[in-house]
């Protein structure tokens, strides 16, 4: 740990960190191609780019996780070679990862202690932890076990852990991806304060409005190259997006006159205890979804969305058949295959390992969900030609880019695999589509294709249920939005009335208006009525 | 400079094919060193092991005879392993199959029973092997008991049960007190393919099993289910495939094949039931399954190769006084290298110029 304070008088003249021609090669693939970037103290510097633009590679090199193939890094003007993250930390570089590395069964203090060098006693460390979290307005109870905490609180642990090493330079990887709008606002206050103390922050994000509001400088990467460094406050969201994507993003065509028809998916008072001791109990969930309609479910991750998806898909069965009704047939006790035969289709959040078998070919992955309701299996034998036809049709309809006709699922980029997974289900012409995080970790181009496909499917008469943490996405495509919190589902709001503030409050667990909520809930339950 | 193991972006299909060959080469190098330490000329020893058995008709037939049970058992095991069900007890299922089939042979001994006896024995052997394999499978599915332990422990139960029968109720009264049944009648014996030779009908059955399994795995939805459950359990569940059902099914099939191999061995090359009918076929078949990449055709080749080591081992014992246990050492080293080389399918070696610590996070 460094003893000098972040307020170094000379830091105004030389950048705190500078990369010169930084290049990282994987085989013949250039993940980073001669990137020059300057990080100054008292600055929040945004790093923008689509998935695969090279953001993670650059940050990993700066944090010492990988060695650059070429180029130089300078720290306070002097050349720096990092042997690993601990050396980066020793110089004053801290990082908060998007995926937390916390042990669920340990307490907050124990988790923090594991990430530090262990030179001070556990008692001193706990005291310092409380002090740091107090000073920065990041309240944490050191004695609580991590599994009891919300995602926002878990992120606080990671931030406090980084701050306890008094970094001059803090890297944050998509920190608001898991936060409610209100939690994000609180985080911004903390970041502004860190900046005022003279620290530098590198802020990775693809939320452009957020970057415009928070950051002083933005560096945009595309295809491993630096496209530009600019002042985000002087740009528009559209101009930033253009630089990220390199082309105009296709506007999603809003629903041209959709006809709302009969209820195709009904959930009646569904309660379900979790499999996993740290899981969420579903608590009296009711909803009704008609043909031609898109219902959005918002909520912070880990509030029961995964459990709800499993209950809807039939990966977990409900006790009472009537709790889930698909196309007018009680389906709570039916297997996923039987539900598919009723006309339902499902797209889980996790593409690799859940939606597809990573090391199997696309044609085999077409068979994975297609065996139930398509003509891919005849008397127990697989019709390989039929599975390949599905791959070809999905490729053509949804512009899936791949190296050969039938590659392994794992070899596709996230966006292309997601297009395949969504396409595979849509091509079956489902009556009900339940989709979770349809554009999570997908580039802007692919996201637009997928959202358009969902809108078109609804326009064709299907009922679509979309779970997402991206409020912009839900506002763009959903007719109504409900919020999931602690295993309960709020009554849906028409999208026009679902302001970020209202949704944010619901996501944080505070009811909009107590009396109104209760009556609406009863009404819904009654209308859906068993 | 430091040597590190780095994850590959994609699985290497070349290495997947070459890895067994690298493993065999490394095994041969290690064996040469071992032969040298034993004071034998490594070149001569390897010649006796791997070349001599291929030069005469008797040895070639003998290789096929040894390969027959290995291939049949390994094909069944490969189904289990593909589905992530760890049947280690094929040896026990082999013995129980042999015992159950022999029961018919013993009961019909000296009667006028016709040609139905052998088919009935084979059927009985397969059914008994399957039922015996279902014990660990059902314990696993119902109670979560580790199938590795239960299936392994049942090997010793089967071994002792066979021992009891041939020393007690089924002992040949005219057998000078040797623990063995009487020689089976001709209707209870697997016919040989070449007059005066050792090659028997079982070899053809093994080939049929290989072909049927290749079709099952490559062409049918059931085979697809087995592969998905092992490769991506969560995706399999999403696909609507029931993992527990497949554990039961693959255990039953592999038990049936091991039991069938058992009764064929007893009714074929051995000719009567006695202890020691298996030189560890059920365990060696595990090596065969992995050396053959859990692929039926690969298993056929691997089975023939392992059979060669059995025959070569016997000849080396006679010709060069090399202990027969060296064959077991050889097989153990081979399995070790096969599994080690398999990590190269998903990882590769890389030299790194400066030493570095283990990354402390993901990102």
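The values are calculated or read from the model by the stated rules, or taken from the named source; none is laboratory data. Keep in mind that this is a model prediction, so the values were computed, not measured. Quick reminder, even Gly has a Cβ in these numbers, built from the backbone with ideal geometry, and neighbours come from all protein chains shown.
For residue B:62, state whether it is in contact with a helix residue (DSSP H, G or I) (Cβ under 7 Å, 6 or more places away or on another chain) and under 22 Å from residue B:159 (Cβ atoms).
No: the conditions fail for residue B:62.
I need the full set of residues from segment A:341-352 which are more than 7 Å from every other protein chain (Cβ to nearest Cβ) and under 30 Å from the mean Cα position of the chain (by Cα), in order please.
Within segment A:341-352, A:343, A:344, A:345, A:346, A:347, A:349, A:350, A:351, A:352 qualify.
With respect to residue A:318, is the statement that it is modelled with pLDDT of 95 or more, in contact with a strand residue (DSSP E or B) (Cβ under 8 Å, 6 or more places away or on another chain) and away from chain B (no Cβ under 11 Å) true?
So residue A:318 does not fit the description; no.
Out of curiosity, is residue B:261 closer than 21 Å to residue B:53 by Cβ and assigned to a helix (DSSP H, G or I)?
No.
Just to be sure I understand, how many residues within segment A:91-125 are within 14 Å of chain B (Cβ to nearest Cβ), loosely packed, with under 14 Cβ neighbours inside 10 Å and either touching a strand residue (DSSP E or B) at 6+ places or on another chain (Cβ under 9 Å) or modelled with pLDDT of 85 or more (or both)?
2
Name every residue in segment B:153-179 that is outside any helix (DSSP H, G or I) and touching a residue at least 60 places away in the same chain (Cβ under 8 Å), in order of residue number.
If the condition is that a residue be outside any helix (DSSP H, G or I) and touching a residue at least 60 places away in the same chain (Cβ under 8 Å), then B:170, B:172, B:178, B:179 are the ones that fit.
Pick out the one residue from A:402, A:419 that is part of a loop (DSSP other than H, G, I, E, B) and either under 23 Å from residue A:350 (Cβ atoms) or touching a helix residue (DSSP H, G or I) at 6+ places or on another chain (Cβ under 7 Å) (or both).
On inspection, the qualifying residue turns out to be A:402.
Could you tell me whether segment B:328-346 includes any residue that is closer than 30 Å to residue A:173 by Cα and in contact (Cβ under 8 Å) with a residue 40 or more places away in the chain?
The answer is yes; a qualifying residue exists.
Could you name every one of the strands (runs of 3 or more DSSP E) located completely within segment A:284-377 that has at least 3 residues being touching a helix residue (DSSP H, G or I) at 6+ places or on another chain (Cβ under 6 Å) and crowded, with 22+ Cβ neighbours inside 10 Å?
Per the criteria, A:294-298, A:344-347.
Looking at A:67, A:43, which is the one that is over 14 Å from residue A:224 (Cβ atoms), within 28 Å of the chain's Cα centre (by Cα) and free of Cβ contacts under 8 Å to residues at least 60 places away in the same chain?
A:67
In segment A:129-164, which residues are in contact with a strand residue (DSSP E or B) (Cβ under 8 Å, 6 or more places away or on another chain) and surrounded by fewer than 18 Cβ atoms within 10 Å (Cβ to Cβ)?
Answer for segment A:129-164, where residues must be in contact with a strand residue (DSSP E or B) (Cβ under 8 Å, 6 or more places away or on another chain) and surrounded by fewer than 18 Cβ atoms within 10 Å (Cβ to Cβ): A:143, A:144, A:145.
Where residues in segment A:442-463 are over 19 Å from residue A:305 (Cβ atoms) and in a loop (DSSP other than H, G, I, E, B), which of them is modelled with the lowest pLDDT?
A:443
Which of (1) at pLDDT below 95; (2) closer than 30 Å to residue A:372 by Cα does residue B:253 not meet, given it meets every other one?
Just one mismatch for residue B:253, condition (1).
Tell me which residues, restricted to segment A:31-66, are within 14 Å of another protein chain (Cβ to nearest Cβ) and part of a strand (DSSP E or B).
A:31, A:47
Restricted to segment A:365-376, and to residues that are at pLDDT 90 or above and more than 7 Å from chain B (Cβ to nearest Cβ), which residue is farthest from the chain's Cα centre (by Cα)?
Among those residues, the one meeting the criterion is A:376.
Where in segment B:21-127 are the helices (runs of 4 or more DSSP H), entirely inside, with at least 1 residues that are within 21 Å of the chain's Cα centre (by Cα) and buried (at least 17 other Cβ atoms within 10 Å of the Cβ)?
B:57-82, B:90-108
With respect to the numbered conditions (1) in contact with a helix residue (DSSP H, G or I) (Cβ under 8 Å, 6 or more places away or on another chain); (2) within 13 Å of chain B (Cβ to nearest Cβ); (3) in a loop (DSSP other than H, G, I, E, B), which one is the sole condition not fulfilled by residue A:83?
Condition (1) is where residue A:83 drops out.
Out of everything in segment A:353-363 that is over 17 Å from residue A:394 (Cβ atoms) and under 18 Å from the mean Cα position of the chain (by Cα), what residue ends up being modelled with the highest pLDDT?
Here the answer is A:354.
crowded, with 21+ Cβ neighbours inside 10 Å, at pLDDT below 80 and either more than 24 Å from the chain's Cα centre (by Cα) or under 18 Å from residue A:425 (Cβ atoms) (or both): does that describe residue A:466?
So residue A:466 does not fit the description; no.
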